[in-house]
Amino acid sequence: MSETYNPWTIVHAVFEHLAAAGLHPVLGSTGNPSEPAAELLRALGIDPDIQGDERIAVAKQERLAELRQAMFGQP
C-alpha cells in the first residue's frame, strides 16, 4: 500500500530547501499551480492526495448548485 500526501506539504518542503540554497523557485506562474505541484510529487515517486485540491471542492460546489437549481429552482 502506497502512502499519499497533500501536494502542498511536499512542495512547501521542497521550496523551503531550494530557497535556503539561494534559488528562487516558481511553480504555476501561468495559472493554478496544483497540477504542476502534483507533477512534482509524481516525479519524486509520491502519489498526490486530492484532499487538499481546491479545484475539486469548487467543482463539487458548482455541481451541487446546478442540481439545486434543477431540482428546486434555487440559485
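Every number here is computed from the coordinates shown, using simple stated rules; none is lab data. Every value quoted in this text rests on a predicted model; they were computed, and no experiment measured them.
Some observations on this one:
- 5 angstrom amide H check on residue 49, placed H, neighbours 5+ away: 5, 6
- Here the 3J(HN,Hα) profile of segment 60-69, calculated from phi with Karplus coefficients 6.51, -1.76 and 1.60 at θ = phi - 60°, is 5, 5, 5, 5, 4, 5, 4, 5, 4, 5 Hz, Gly and Pro shown as x.
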